[in-house]
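Below is one structure, written out as structure tokens; comments come after it.
The values are calculated or read from the model by the stated rules, or taken from the named source; none is laboratory data. As the structure is a computational prediction, the values presented were derived from the model and not from experiment. Cβ placement follows ideal geometry from the backbone for every residue including glycine, while neighbour counts extend to all protein chains displayed.
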Amino acid sequence: MNDSLSKIRERFHLKREFDFESLPEYVQDDFINQMIVKRFKRGQNIFTEGAFPSGIYFVKKGKIKKFKTLNSGKEQIIYLCSEGEMIGYAAFLGEERYHDSAAAITESLIGFISKEKLVRLLDKHEELSKLLVKKLSHEFGVMINFIATFTKKSVRERVALTLLILNENFRQNKNENNEIQIELTREDFANIVGIATETLVRILSDFASEGLIQKNGRKIIAKEPFKLFKIADLTDTF
């Protein structure tokens, strides 16, 4: 069962080996020295779907949501980004408009590297070029796994799976008891699952009454990840 839980990260979360920290230190230093850092408030947009990229972004601190805006005006969150991740590079590499939007879900520090500076860095450091290509390929695989798995699941199964994915995404956000705290608005949580907020609240209440999770305001602790894994019914995925 431990092996199965570890595969949650592999299938539905970007691997650490594709993170910025995997680059040689001298490449990291050169990259960081070229960026302009800006503070973003919770809810503030970083880039918007349909705009042309003028560079790429690097999450120095905070959590970022990538989302599509549906015809109804509702958001569909497709991924949450954490510290050390680069965003906006897919559109940049493809020389296309952004296919999604990005906004801060916490107070965040975001580094920006302009197109001109990034081109020089890519020419100078082959390691950076290879990393971006690997990240692009892996991110595509993560999205495909997410979509293919979610389309086959019931709402209850999707909420359980999303809790497991978020538990991986918030691994660094621990309380005094060393428990991982998922800190996300119910609206954003519902927009990941693709359901109404009211439906999510009801299912989370059911999970809490069953002892699967503990709620403390906006924070959620997955108390029984093995049982959530069983509810998510991932036997046909791994």
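Name the one entry in LEU109, LEU132 that is out of contact with any Cys (no Cβ under 6 Å at 6 or more places or on another chain) and within 12 Å of ILE56 (Cβ to Cβ).
It is LEU132.
Would you mention how many residues in segment 125-170 are loosely packed, with under 14 Cβ neighbours inside 10 Å, modelled with pLDDT of 90 or more and in a loop (DSSP other than H, G, I, E, B)? Number of matching residues: 1. Of note, ILE113 does not satisfy the criterion of being assigned to a helix (DSSP H, G or I) and of a type outside the set (Phe, Trp, Tyr).
Residues that are under 22 Å from the mean Cα position of the chain (by Cα) and of a type in the set (Ser, Thr, Tyr): does segment 215-237 have at least one? Among the residues of segment 215-237, at least one is under 22 Å from the mean Cα position of the chain (by Cα) and of a type in the set (Ser, Thr, Tyr), which makes the answer yes.
Would you mind stating whether LEU122 is buried (at least 19 other Cβ atoms within 10 Å of the Cβ), over 18 Å from the mean Cα position of the chain (by Cα) and assigned to a helix (DSSP H, G or I)? No. Just so you know, in segment 203-214 the residues that are loosely packed, with under 14 Cβ neighbours inside 10 Å and either among the polar types (S, T, N, Q) or part of a helix (DSSP H, G or I) (or both) include one that is farthest from the chain's Cα centre (by Cα), and it is SER209. From ILE77, ILE64, which residue is more than 21 Å from GLN28 (Cβ to Cβ), at pLDDT 90 or above, of a type in the set (Val, Ile, Thr) and within 10 Å of the chain's Cα centre (by Cα)? Only one candidate passes the filter, namely ILE77. GLU176 meets the conditions (1) surrounded by 12 or more Cβ atoms within 10 Å (Cβ to Cβ); (2) of a type in the set (Asp, Glu); (3) modelled with pLDDT of 85 or more in every case but one. The failed one is (1).
Scan segment 58-74 residue by residue and report those that are of a type outside the set (Phe, Trp, Tyr), touching a residue at least 60 places away in the same chain (Cβ under 8 Å) and surrounded by 19 or more Cβ atoms within 10 Å (Cβ to Cβ).
LYS63, LYS65
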